[in-house]
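Structure first, commentary second.
The values are calculated or read from the model by the stated rules, or taken from the named source; none is laboratory data. These numbers come from a predicted model, not from an experiment. Counting neighbours? That spans all protein chains shown, and the Cβs are built from the backbone with ideal geometry, glycine included.
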């Protein structure tokens, strides 16, 4: 059992299936975290704002 | 009244006209709301679904809109990964259409499963050998990606853009959009494919069953290909419809033609593979199952005309129209071809869902008929109402088409 699957089994099928899910969720989560942290740093003046035209 | 919210320099109809425009779509939503309430309150006996038709109108609509919404991921892939810069003029519209299609499909699935409060069971008690579980995972994740792709477009609203924090957030999301586009492509590839794979592995139903490669039946690849062939055409259709209603040029012809050309090649490839698949089914799966071709087309309203409509009228004809540059450059032919292509993909999903279930599989079985109830139509059509309302609001308040001002400068 893992936090995301009640019937988790340590075998290849579960690892591939959930592994790919976690990779996708991880990329989405990390991407949004990066954007939020970068925005916060720019808002509070720790990072320069890039100007778009 | 709402002029501060409108995109800078863009002309829009008055709030009164806009209000009246929304009324029929709000009526569709109200019909859908009542139907959904009845289905949730009194259960699925409000529908004509049965043990035979566990998949019915809602799944046809679901698979149809998911395929038509493929324009979002594929246009995103072409724009951000392949680097087709001209498609930046249409990517916002593609993302919004994709968002509408996927959230609409998810909402409809919420009613379809009967007990939406137990919807999370599919994640918690995942049957990893089920193609539908993969579809559920991918659709949910991809809906998140679409929401992330839609957010910067919302943040470009004139009033929201004045808020520094939101403007920065939008700009920073834009900067890493390629990452989200790549994730969306990965997720879409698998769920579009698995929707097809699900039918291909129905070995007890030779009408849908197919051979394949490793664990994937040919329908897995055909569904992906058909979705990426029809999705861009649906984006073109929605854009052309918006141009017609607003009486403005919104997207440069180069972007439209580029998308149409890509759709033409994909549709042509799809048709070649679809014909090969049909012949393989005809001379492989059907005799192996001890049946004859005409056994599937003998009863009910579903005759050989199904194949003629799907492959010739809604497949080969639009492919030819879109392949010839001089023909597809004419607006009428372009719209006609896109309409046929989109109709074809919905027809394909209808055949795989309804006709597969209607055809008897046992000697003692009979042909099953199915007609949706008004509640089923209500929930399904509500997705159209929701889509038109959201797209209309987005067009009115957001800079969906970046070249709108430039293309209409002389006219205004």
Could you list all residues from region B:323-350 that are touching a residue at least 40 places away in the same chain (Cβ under 8 Å), under 15 Å from residue B:261 (Cβ atoms) and in a helix (DSSP H, G or I)? B:323, B:325, B:328, B:334, B:337, B:338, B:341
Output the number of residues of region B:193-227 satisfying the condition of being under 17 Å from residue B:55 (Cα atoms) and in a helix (DSSP H, G or I). 7
Just give me the residues in region A:31-50 being surrounded by fewer than 14 Cβ atoms within 10 Å (Cβ to Cβ), at the interface with chain B (Cβ under 9 Å from one of its Cβ atoms) and in a helix (DSSP H, G or I), in sequence order. A:36
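Per-residue answers, yes or no, for (1) away from every other protein chain (no Cβ under 11 Å); (2) modelled with pLDDT of 95 or more:
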residue	(1), (2)
B:140	no, no
B:145	no, yes
B:148	no, yes
B:151	no, yes
B:156	no, no
B:160	yes, no
B:165	no, no
B:176	no, no
B:186	no, no
Residue match in region A:7-14 (condition: assigned to a helix (DSSP H, G or I), more than 10 Å from chain B (Cβ to nearest Cβ) and under 26 Å from residue B:169 (Cβ atoms)): no
Of everything in region B:258-296 that's touching a residue at least 60 places away in the same chain (Cβ under 8 Å) and within 16 Å of residue B:313 (Cα to Cα), which residue is surrounded by the most Cβ atoms within 10 Å (Cβ to Cβ)? B:267
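Matching residues to (1) in contact with a helix residue (DSSP H, G or I) (Cβ under 9 Å, 6 or more places away or on another chain); (2) within 18 Å of residue B:235 (Cβ to Cβ):
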site: B:307; (1), (2): yes, no
site: B:318; (1), (2): yes, yes
site: B:321; (1), (2): yes, yes
site: B:329; (1), (2): yes, yes
site: B:332; (1), (2): no, no
Can you find a residue that is within 15 Å of the chain's Cα centre (by Cα), within 29 Å of residue B:398 (Cα to Cα) and buried (at least 21 other Cβ atoms within 10 Å of the Cβ) anywhere in region B:161-176? no
